[in-house]
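The values are calculated or read from the model by the stated rules, or taken from the named source; none is laboratory data. This is a predicted model, so every value here is computed, not measured. Please note: Cβ atoms are built from the backbone with ideal geometry, for glycine as well, and neighbour counts cover all protein chains shown. These accessible areas exclude ligands, DNA and RNA; they are computed on the full protein's heavy atoms, side chains included. Shrake-Rupley method; radii C 1.70, N 1.55, O 1.52, S 1.80 Å.
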Amino acid sequence: MTTSTPSSLRVAQVRVDRRNDGAYADTPRPRLSWIVESDRPNWRQRAAEIRLDGSTIVLDTDESAFVEWPFPPLRPHDRPTLSVRVTGTDGTVSAWSPATTVQPAFLADGEWRAPLIGARRPATPAQPLLLRTEFDEPRPVRRATLYATAHGVYQVSLNGVDADDAVLKPGWTSYQQRLLHESTDVTALLTPGRNAIGVRLAGGWWTERFGFRGEARRVYGEHPAVALQLRLEFADGTSRTVTTDGGWRCTDRGPIVSSGIYAGERIDARRRMPGWASPGFDDTAWSPVEVSAVTTAPEPWLAEPVRRTGELKVAAIRTSPSGRTILDFGQNFVGRLRLHVSGPAGHVVTVRHAEVLQDGEIATRPLRYAKATDEFVLSGTGMDTFEPEFTFHGFRYAEIDGWPGDLDPAAVTGVVIGSDMKRTGWFETSDDLVNRLHDNAVWSMRGNFLSLPTDCPQRDERLGWTGDVQVFGPSAAFLYDCAGFLASWLRDVAVEQARHGGVCPRVVPEVLPKHAVATAGWSDAAVIVPMTLHERFGDRRALAEQYPGMRSWVETLLRLADEDLLWRGAPQLGDWLDPAAPPDAPGQARADKDLVASAYLIRSLDLTARAAATLGRIEDAGRFEAAADLARASFARVFVENGDRLVSDAPTAYALAIGFDLVEGGLRDAFGRRLAGLVGEAGHLVPTGFLGTPVLLDALVSTAHTGTALRLLAQTQPPSWLYQVSMGATTIWERWDSMLPDGRINPGEMTSFNHYAFGSVVDWLHRHVGGLAPAEPGYRRITVAPVAFDAFEHARCCHETPYGTAEVSWRRSGGQITLRVRVPANTSAEVLPPGSHEQFTVGSGTHEWTVPYPATAAVEECA
Ligand code: BGC
């Protein structure tokens, strides 16, 4: 083993609570995190000094992530500067970090004053609007902050310039109880004298019809409305607030004629009104607005907003067999098109979107009732630029109808949108198919982490299905810093649990009443997701905040359980999309639903007991642990037969029993053998659905069936992960065979090509092939234990942990394997080189081992 030597020490990044796109404080006591970079081996923090404006506090702490606010609470309109300096256990002292300006994003209690305004007599439901006002302010403004929210989706523009680059503000939350407001510094957009505020507004999720088939209905409201207050601060310390009120004017004659999340948008460039959001515009033809109170005080965003996060060029233009023009972006993604086009006034260009082609035509059947169609009406006055503003689509292909003249591919851009989280995780191996699988999971996350974690982005769903994010959470937490994103969504989970007697519904925000029922694997998201945030980010506050919800879910489970503390006889989704289930009956899995539900019950009890212990709630911890032990004993009594089999002899049943630690010792080994045997009998094809898949490979590896795990991963026939890759998938599919081997689309009516649930395998890739896993919350201690599979020559896994960059890479050559590990400052790692029986504990720095290649996989396969 070799270790590199010292040179420098610095505080490289300071973060205020969870957001990465600015030092926003969503509470008066935000937590502080900093990343220390040091070349000194084993660097450990002994103390930190925090300077806020003039005052400095010395903290005798070795913690550098999510450190509790040490100062008096922030006040809403303060803008203090913050900097951090650290001292190591070796006596080294860093320089002060560059000053960061903290921006409180919250308002004081009662400070939200703005009412909602919308159309007075809207002609049609969900009618998009433009709204405007003007005001005079002769004094120079020292600082202007915009606070805005909506029943709908909006953008504010000041003197003709958009307030920021976020889209689809304020996102989707459980609107009845929880509305979010932005807090944007717009000082640069104001001018002394006359100023104008303009708002573009559409219905978005607020007016969308949710529900399946004929049942779709508006859940929140018929019409959009917006509320904003603009706070102006002056040099003399005084301030003034301009708000929405009855003096504003609005029109439904703006360029956005109609807009819907599922339907798409129609924009008429003839209706553009230059200068409408600038002072002096004649709005006498506009109408007075309807004013109504905001019933829920909006709260600040905890997470980064949705933004445009990338652009794609047209990869190919095709003419379909029926003569239609189809653009191929080479990548399934979420967003919309931006096009530059000129032609006669009133001429319409229509864009339809699809994820796949069938028989050379765009396949829209999987979209079900989502029209996903944008229409652009040309002005006839030269080049028009169009980009739908208040909708999005999941697509790789766009069919363009009515393009005037020849279509130059450079005139069309694919605009990618999604919650603008910071990328934190990378993985690659020597196998290109596996690399593509990993990329596909990244793209599915980019598309489905859009304001909230959704199942899919294209059909008439795009809902916060709780089971999906429950299984994908650990993968997500590696790929992007989604601590704020998921903590925000968990607040909606808490809201919905309170509305549903402790039950976390299948979708959050809850918009499908029939699905607001206790469901194993879905409702457990209330327990599992906060635990994931704690494990992966060290976010103890997320755990503390969500703990009442965790507790109320397990209390509910204990009420639902029978006298054996098992959960039997309830309607369940079960191991959803088991590949053996018929296309039109995705819930008909091999694994018994009662067994699956009981396994999840024990899992939630275990995790809640662990959370209670972490939070010092000893009594709860003891009670839930005892209940879990009883349920575990019943599980063995009721579901195990002949001493070594499960009554439900299905792969998911064994994988859950092993993965959730429901059995131990010889029985666990026997289950591992049976699981490997079943997988072998099934020809090494993936035999599990949504709930079995995330634990399948772990269950095999942890019972010494590594070779079987590898064969499953390497499989390219359906059902398998690499089957979809070999069929050209660029995102993770909902079904193992969303597309059949003959290129036809699965006949099931529920067939998406962008669903991250089966992408949960990437967490296993990171931990086992890459070999990087958290041993303590937030990767304060890291486990490095890659399995050197025969199939891979090398692998590399890198993660921006809350403490800095951790990286593991290994390469095989000439009967040896070289492992390199980079450990961030203020952390340590337990390293088990492949095949080695010796574990090493190392501190920060870069370390390297060379060991004989053990050929683990080959050995197990012969056994
Ligand atoms: C969604 C899923 C979800 C499932 C459960 C589907 O329609 O797309 O991903 O978890 O329903 O019923």
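A compact table of results
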{"item": "Ranked packing of 31-40, 601-610, most packed first, by mean Cβ within 10 Å", "result": "601-610, 31-40"}
{"item": "Nonlocal amide H pairs with N20, under 5 Å, H built at 1.01 Å", "result": "E304"}
{"item": "Partner lysines for K593 [C-alpha distance under 24 Å; skip if fewer than 8 residues away on the same chain]", "result": "K514"}
{"item": "Value at 222 nm in deg cm²/dmol, rounded to 500, when DSSP H runs of n ≥ 4 in the chain each add -39,500 (n - 2.57)", "result": "-7000 deg cm²/dmol"}
{"item": "Coordinate range along principal axes, alpha carbons of the chain, Å, largest first", "result": "84, 71, 59"}
{"item": "Per-residue ³J(HN,Hα) for segment 605-612, Karplus 6.51 cos²θ - 1.76 cosθ + 1.60, θ = phi - 60°, Hz, x for Gly and Pro", "result": "5, 4, 5, 5, 4, 5, 4, 4"}
{"item": "Descending Cα extents along the principal axes, segment 665-736, whole Å", "result": "42, 21, 16"}
{"item": "Over segment 195-278: Rg over Rh, Cα atoms, Kirkwood Rh", "result": "1.10"}
{"item": "Crossing angle, helix 665-681 versus the chain [Cα axis fit, 0-90 degrees, rounded to tens]", "result": "70"}
{"item": "At 0.692 mPa s and 37 °C, Stokes D of segment 482-567 from Kirkwood alpha-carbon radius, µm² per second", "result": "254"}
{"item": "Debye, to nearest 20: dipole size of segment 388-522, +1 on Lys, Arg Cβ, -1 on Asp, Glu Cβ", "result": "620"}
{"item": "Top positive-direction residue, dipole computed over the chain with Cβ charges, set G692, G237, F390", "result": "G237"}
{"item": "Kirkwood Rh (inverse of mean 1/r, distinct Cα pairs), segment 701-855, angstrom", "result": "17.1"}
{"item": "Spacing of the two label points (7 Å from each Cα toward its C-beta) at D60 and R29, in nm", "result": "2.1"}
{"item": "Cut-off 12 Å between beta-carbons: net charge of the residues surrounding A297, Lys and Arg +1, Asp and Glu -1", "result": "-1"}
{"item": "Amide H contacts under 5 Å for G835, placed H, 5+ residues apart", "result": "A788"}
{"item": "Rounded, prolate or oblate (a/c below 1.5 giving rounded, otherwise prolate when a/b exceeds b/c) for segment 22-127 by Cα gyration tensor", "result": "prolate"}
{"item": "Rounded if a/c under 1.5, otherwise prolate or oblate - segment 398-447, Cα gyration tensor axes", "result": "prolate"}
{"item": "Rounded percent of accessible protein surface that carbon and sulfur make up, segment 545-658, 1.4 Å probe", "result": "49"}
{"item": "Label point distance in nm, R120-R820, each placed 7 Å from Cα along Cα→Cβ", "result": "7.0"}
{"item": "For segment 423-439, Karplus couplings with θ = phi - 60° (6.51, -1.76, 1.60), whole Hz, Gly/Pro x", "result": "5, 10, x, 9, 8, 8, 9, 7, 9, 5, 5, 5, 4, 5, 4, 5, 4"}
{"item": "Furthest towards positive pole of dipole, F792, S720, P777, structure part segment 713-863, Cβ charges", "result": "P777"}
{"item": "Principal-axis tilt of helix 540-560 within the chain, Cα atoms, nearest 10 degrees", "result": "70"}
{"item": "Around T364: net Lys/Arg minus Asp/Glu count, Cβ-Cβ under 11 Å", "result": "+2"}
{"item": "Amide H within-cut-off set for V294, under 5 Å, with H built and near neighbours excluded", "result": "L116"}
{"item": "Test item: Cα-centred dipole of the chain, Lys/Arg +1 and Asp/Glu -1 on Cβ, debye", "result": "1340"}
{"item": "Quotient of C-alpha Rg and 2.2 N^0.38 Å, computed over segment 280-332", "result": "2.29"}
{"item": "Computed E for D162/L615 - FRET, C-beta separation, R0 41 angstrom, nearest 0.05", "result": "0.45"}
{"item": "In sequence order, calculated HN-Hα J values of segment 691-696 (Karplus, 6.51, -1.76, 1.60; Hz; x Gly/Pro)", "result": "8, x, 4, x, 9, 4"}
{"item": "Three semi-axes of the equivalent ellipsoid, segment 714-803, Cα gyration tensor, whole Å, largest first", "result": "32, 16, 9"}
{"item": "Pairwise label distance in nanometres, A12 with E776, each label 7 Å out on the Cα-Cβ vector", "result": "2.0"}
{"item": "Fully extended contour minus Cα-Cα distance, from H340 to L630, at 0.36 nm per residue", "result": "97.8 nm"}
{"item": "Segment 300-421 shape via C-alpha gyration tensor axes, a/c threshold 1.5", "result": "oblate"}
{"item": "Cα radius of gyration and Dmax for segment 540-643 (Å)", "result": "15.5, 47"}
{"item": "Peptides 328-334, 394-400, 251-257 ordered by average Cβ neighbours within 10 Å, highest first", "result": "394-400, 328-334, 251-257"}
{"item": "Against the rule of thumb 2.2 N^0.38 Å, how large the Cα Rg of segment 629-682 comes out", "result": "1.03"}
{"item": "C-alpha long axis of helix 525-537 to longest principal axis of the chain, angle in °", "result": "80"}
{"item": "Ranked by how many other beta carbons lie within 10 Å on average, peptides 42-51, 701-710 from highest", "result": "701-710, 42-51"}
{"item": "Size of electric dipole in segment 553-694: Cβ of Lys, Arg +1 and of Asp, Glu -1, about Cα centre, debye, nearest 20", "result": "160"}
{"item": "Cβ-derived FRET efficiency at R0 30 Å, T805 paired with I317, nearest 0.05", "result": "0.15"}
{"item": "At R0 = 30 Å, FRET efficiency that the Cβ-Cβ distance of D359 and E215 yields, to 0.05", "result": "0.45"}
{"item": "Gain on full stretching of the segment that runs from T850 to T295 - 0.36 nm per residue minus C-alpha separation", "result": "193.4 nm"}
{"item": "12 Å beta-carbon shell around D39, net charge (K/R +1, D/E -1)", "result": "+2"}
